[in-house]
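Student: Sharing a structure with you now.
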Amino acid sequence: MTDNGTFEEAKRRAEFIQRLSDDCWHALDASCRTMDDDAWVGPVARRFHEVIRADQRELWAQLSKAVRDAEAKLATIPRP
């Protein structure tokens, strides 16, 4: 944020973070769908499937947190 902490700058940053989140939200979908369709089977495949699903949940959690944090910061800045 700029030194003067303007509302408009914070709003632009929050919108940018939201766009990044939207762009990244489905990053692991194709891998998860492929594993859901049993493209790879066996114990190693099951473990990989568990890991990729956990990674997807973590990605979603981190993206959601980034958006929430940006919105919370924006809410602390007086509107012009």
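Values in this text are rule-based calculations from the coordinates and carry no lab data. Quick caveat, the model's predicted, so the values are computed rather than measured. Cβ sites come from the backbone with ideal geometry, for glycine too, and all protein chains shown count toward neighbours.
Student: Condition first: surrounded by 11 or more Cβ atoms within 10 Å (Cβ to Cβ), without any contact (Cβ under 8 Å) to a residue 24 or more places away in the chain and not basic (Lys, Arg). Now tell me which residues in the stretch 39-68 satisfy that.
Tutor: The answer is ALA39, TRP40, ALA45, PHE48, HIS49, GLU50, VAL51, GLU58, GLN62.
Student: Out of all the residues in the stretch 1-38, which are more than 30 Å from LEU74 (Cα to Cα), surrounded by 12 or more Cβ atoms within 10 Å (Cβ to Cβ) and aliphatic (A, V, I, L, M)?
Tutor: Of everything in the stretch 1-38, just one residue is more than 30 Å from LEU74 (Cα to Cα), surrounded by 12 or more Cβ atoms within 10 Å (Cβ to Cβ) and aliphatic (A, V, I, L, M), namely MET35.
Student: Please work out which residue is farthest from ARG33 (Cα to Cα), limiting yourself to the stretch 69-80 and to residues that are surrounded by 11 or more Cβ atoms within 10 Å (Cβ to Cβ) and of a type in the set (D, E, K, R).
Tutor: Here is the first cut: in the stretch 69-80, the ones surrounded by 11 or more Cβ atoms within 10 Å (Cβ to Cβ) are 69-71, 73-74, 77.
Now drop any that are not of a type in the set (D, E, K, R), which leaves 69, 71, 73.
Details: ASP69: 30, GLU71: 31, LYS73: 35 Å.
The qualifying residue farthest from ARG33 (Cα to Cα) is LYS73.
Student: Among the residues of the stretch 26-46, is there at least one that is of a type in the set (Phe, Trp, Tyr) and in a helix (DSSP H, G or I)? Give the derivation first.
Tutor: At the first step, the residues of the stretch 26-46 found to be of a type in the set (Phe, Trp, Tyr) are 40.
Checking the rest, the ones that are also in a helix (DSSP H, G or I) come to none.
For the stretch 26-46, residues of a type in the set (Phe, Trp, Tyr) and in a helix (DSSP H, G or I): absent.
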